[in-house]
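Have a look at the structure below before the remarks.
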Amino acid sequence: MLHQVKNQKGFTLIELMIVVAIVGILAAIAIPNFLNYQAKSQQAEAKANLGSIFTNMTAYSAENATGFTGGGTTQIGFATSGTPRYTYTITGQLVDTFLATATGALGRVVGDVWTINQTKTLTDVDPGSFTS
């Protein structure tokens with residue numbers, strides 16, 4: 001009977017505890033990094049859409065001598081598709097004095113604010129506005 005116990009294969013409790021500890025340490029490192037990369041990818045929506053707003057505002061100004069009357073982004077032909085994570089507003093009357101703002105409303109970017117102005121300067125209003 002003693003011979004059967006020695007030939008049994010398997011993991012000891014200590015070996016299993018070490019594996020669980022290693023997996024826990026790896027998760028503690030990987031999850032915050034993943035969340036930060038996820039937020040940065042969601043910020044790409046704001047950057048791309050603000051670039052589109054800039055282009056549309058420039059085209060609108062070239063076609064309309066009266067300037068932008070503040071009717072919103074649809075007035076200049078800009079619209080988002082799907083479920084946008086940011087809301088977009090435009091202030092200013094003319095292409096040479098406008099400021100477009102993207103404000104995070106969904107996902108990891110709630111409270112994140114980006115702007116673009118008439119010189120195509122893209123600015124993160126508060127670089128620490130969201131945390132990973």
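Using 0.36 nm per residue, how much length does the chain from ALA21 to ASP124 gain when fully extended, once their Cα-Cα distance is taken away? Display every interim value, and only then the final one.
Values: separation 103, 0.36 × 103 = 37.08 nm, distance 3.88 nm.
Fully extending the segment from ALA21 to ASP124 adds 33.2 nm.
Over the alpha-carbon set of region 11-124, work out the extent along each principal axis and list the three values in angstrom, largest first.
Taking the Cα atoms of region 11-124, the three principal extents are 80, 25, 19 Å.
Take the Cβ-Cβ distance between GLN75 and ALA48 as r, set R0 to 25 Å, and report the resulting FRET efficiency rounded to the nearest 0.05.
Details: r = 20 Å, r/R0 = 0.80.
Efficiency, rounded to the nearest 0.05: 0.80.
All of the numbers you see were taken from the coordinates with simple rules; none came from a lab. Note that the structure is a prediction, hence the values are computed from the model and not measured. Cβ atoms come from the backbone with ideal geometry, glycine included; neighbour counts cover every protein chain shown.
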